[in-house]
Amino acid sequence: MNHKVSTAFLLVVIGCVTSGTPPTKVTGLPLLLNETFENGAERWKPMDPSSFAVQEENGNHFYAIVKDSAYQPPVRSPQNIAILQDLMVSDFVLEVDLMSTTADYGHRDMCVIFGYQDPSRYYYVHFGLKADEHCNSIFLVNGEPRVSIAKTRTSGTRWIDNTFHRVRIERNTKNGDIKVFFDNMNQPVMTATDLTLTCGGFGVGSFDDEGRIDNCRIWGLKVTG
């Protein structure tokens, strides 16, 4: 499939963003998605529809993983996922608020998917409690079980109960850079460089835990054709 991508852009990310604050100001990339789930989740396709639901608490709506998914991916990769429909980009900045509602254990996690081509080809960021070969890293799924591609990462992602954490992912497909931020928008918690997949879609969820997703915004270069 041939894609036509505009390359005339300038990206500037301004300010420090933490959970509960307004989104980062991004110039040079158009805002393509501003999803608050106040009107439902019609653009999202769960791999197992019974595992996701729009819920409300104190007047705020969010997308929730409510049970273990029955979905069995073609290769070892996240099971509790929902894919955003009809949006494919190259370069992008994504911000989303994530809450884990699972009790602490080594692989307590939430995930963000990008570069999604099909169920066996995409990237995902795994925000896991204790880093190891399969936890708390940037992963590539490319026709085989997921592989960590992170150049740098922390020793783990500390989830605070009943708290949304702000996540940001920046993707530059010219040089392959991927930067991931968690609460502190000044210092990335993970980095990678990879050009295996240079465009694709997005998804949210967890490897096999429960959690909540809210305030998903994507600025990017839309791919057509």
Notebook entry, point to check: Rounded, prolate or oblate: which fits the chain when a ≥ b ≥ c are the square roots of the eigenvalues of the alpha-carbon gyration tensor, with rounded for a/c under 1.5 and prolate only if a/b beats b/c?
Noted result: rounded
Notebook entry, point to check: When a footprinting reagent is the concern and you count Cβ atoms within 10 Å, what order do 118, 177, 91, 183 take, fewest first?
Noted result: 118, 177, 183, 91
Next item on the list: Hand me the chymotrypsin sites (Phe, Trp or Tyr not before Pro) from the stretch 45-108 located in a DSSP loop with no more than 15 other Cβ atoms within 10 Å, in residue order please.
Entry: 105
Next item on the list: Sum up the lysine pairs in the chain that clear both bars: alpha-carbon distance under 17 Å and a spacing of 8 or more or different chains.
Entry: 7
Item checked: Point-charge dipole on Cβ atoms (K/R +1, D/E -1) for the stretch 12-222, about Cα centre, debye to 20 -> 660 debye
Notebook entry, point to check: What's the longest bit of the chain with no exposed GluC sites (Glu not before Pro), using DSSP loop states and at most 14 other Cβ atoms within 10 Å as the test?
Noted result: 134-225
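FYI, it's all coordinate maths here, none of it is from the lab. Owing to the predicted nature of the structure, the values given are computational and were not obtained by experimental measurement. Methodologically, a virtual Cβ is constructed for each residue, glycine included, from the backbone with ideal geometry; neighbour enumeration extends over all protein chains shown.
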